[in-house]
Every structure is written in structure tokens, then in C-alpha cells.
Amino acid sequence: MARIAPLVIDWKPDRTSNVPVTEQIVDYMCHQVSSGVWPIGARLPSQRAMAEGFGVNRSTVVAAITELADYGIVEGLHGAGTRIVSNTWSLMLPGAPDWADYVSSGFFEANNATIQTINRMEFAPNIARLG
């Protein structure tokens, strides 16, 4: 099995930005993985080395790695380091779906008035609830 070259961190978060530093680091790492600069199977540097490379506290790096692990992009084993395990669908998870756009693009129209009436009448005393 060929050895993968160590990952290089040549970027620092913009402390003047309104975007939180942890989010900037997550975005940077997602971009590195999705663009193929950091390949699947590559081992991330130690948390201390990444903190030094990014110029942040180690706790900030831990928070970013935890978020990436939640998305399924990295996986860490105690004592074995953290590896990149995915670069596809999981990169799309941070964004929430735009349900209004999704519904409006479909064949059927949303029937908000009917849904509101059902919700309102659900607890009406003169209507028998069957479920």
C-alpha cells in the first residue's frame, strides 16, 4: 500500500471575519477534502500541530474535528490519529434544505390552509378524534 504524503496546512482563519473561526476551519478542511487536495485515507496532523498551523487553540481544532466527524468526513481512533474517510455526500450535510423551494418545485402545491384547519380542529371538543 502506497504511503500518502503528510497533509500540509498553509492557511490561517481570518480573525476579522464575522464567520466563527471554528466554522472557517471546517469550511477549509471540507474544501481541501472535496477538491482532492486531502485524499481519502490521509491521516490528519496531530491536534497540536493543526492548532499551531491554524494559529488557534487546540480546543478550536477539537471542535472542528468533532463537527467533521459528525458529518462523516473524518474518523478518529484513540492512539491511531484521525483519518479522512469520506469526500462525497457528507460534504453537503452542513447546509439545511430549503423546504419551501423544494415543495414549490414539485408537481403538487402545498395546501397550508387545509393543514392549518386540521391542526386547529384536532383538539376541538365537538369533533371526535380517531387516531
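For the reader, a short list of remarks on this structure follows.
- Of the residues 27, 10, 14, the single one that is within 21 Å of the chain's Cα centre (by Cα) and loosely packed, with under 14 Cβ neighbours inside 10 Å is 14.
- Those residues of segment 15-64 which are closer than 16 Å to residue 87 by Cβ, among the hydrophobic types (A, V, I, L, M, F, W, C) and either in contact with a strand residue (DSSP E or B) (Cβ under 7 Å, 6 or more places away or on another chain) or in a loop (DSSP other than H, G, I, E, B) (or both), in sequence order: 33, 37, 38, 40, 42, 44
- For segment 114-123, the criterion of being of a type in the set (D, E, K, R), surrounded by 10 or more Cβ atoms within 10 Å (Cβ to Cβ), in a loop (DSSP other than H, G, I, E, B) and modelled with pLDDT under 75 is satisfied by no residue at all.
- Of all residues in segment 69-90, those satisfying the criterion of being touching a Gly at 6+ places or on another chain (Cβ under 9 Å) and either on the phi > 0 side of the Ramachandran plot or at pLDDT below 90 (or both) are 86, 87, 89, 90.
The values are calculated or read from the model by the stated rules, or taken from the named source; none is laboratory data. In this text the structure is predicted, and so the values were computed from the model without any measurement. All Cβ positions, even for glycine, are placed from backbone atoms using ideal geometry, and neighbour counts span all protein chains on display.
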